[in-house]
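Step one of this worksheet: look at the structure below.
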Amino acid sequence: VITFCARDWAAPTTAAPVAPAVAARAVAGDKAARRALYDAVAGPVFALVLRIVRERATAEDLFQDVLEQMYRQLPAWRDEAPFGFWVRQIAMRRCLMHLRSPWQRVRQAMSDLLPEADRPPPGCRCRS
């Protein structure tokens, strides 16, 4: 289970470099190496996801998905491209899948029909 912290989201917009040895240790199950990978990409990747979906709650869910996919696909990462770039590509693909989903299209169409006063605030999880 990965917990989120506000300091993680206030990080700079570029990911810190990651040594291939750290990634190899993370693949082997080293928790400290996994935390180092998280620390290297959490801020910039969450900022990217939030910028794309524009709702904090949705961004948190998608960010969690991106992290799970990053750890699952970690053995496939090659040091040909920077680690942060690789993770941002995972995040972009996940966000685009979310935005293209049929549910998002229906939700957007319905929100266009609602008068502005009847719309829930962005990020609201209410069931009205």
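The values are calculated or read from the model by the stated rules, or taken from the named source; none is laboratory data. All values reported here derive from a predicted model rather than from experimental measurement. Neighbour counts are summed over all protein chains in view; Cβ atoms, including those assigned to glycine, are modelled from backbone coordinates with ideal geometry. We work out accessible area using only protein heavy atoms, side chains counted, and drop any ligands, DNA or RNA first. Shrake-Rupley method; radii C 1.70, N 1.55, O 1.52, S 1.80 Å.
Worth pointing out:
- Contact map, the stretch 34-59: first residue more than 12 Å from Val87 (Cα to Cα), second residue among the hydroxyl-bearing types (Ser, Thr, Tyr) and at pLDDT 95 or above, Cβ cut-off under 8 Å, separation 6 or more or different chains; pairs are Arg34/Tyr71.
- When the test is whether a residue is in contact with a Phe, Trp or Tyr (Cβ under 6 Å, 6 or more places away or on another chain) and either of a type in the set (A, V, I, L, M) or open to solvent by 30 Å² or more (accessible area, probe 1.4 Å) (or both), Val53 does not pass it.
- Cross-chain or 6+ apart pairs with Cβ under 7 Å, the stretch 70-82 first and closer than 10 Å to Val27 by Cβ and open to solvent by 100 Å² or more (accessible area, probe 1.4 Å), then part of a loop (DSSP other than H, G, I, E, B) and at pLDDT 95 or above: none
- Applying the condition of being without any contact (Cβ under 8 Å) to a residue 24 or more places away in the chain and closer than 30 Å to Leu74 by Cα to the stretch 97-115 and asking which residue is most open to solvent (accessible area, probe 1.4 Å) yields Trp103.
- Of the residues contained in the stretch 38-46, none is found to be more than 20 Å from Thr14 (Cα to Cα), modelled with pLDDT under 95 and of a type outside the set (Phe, Trp, Tyr).
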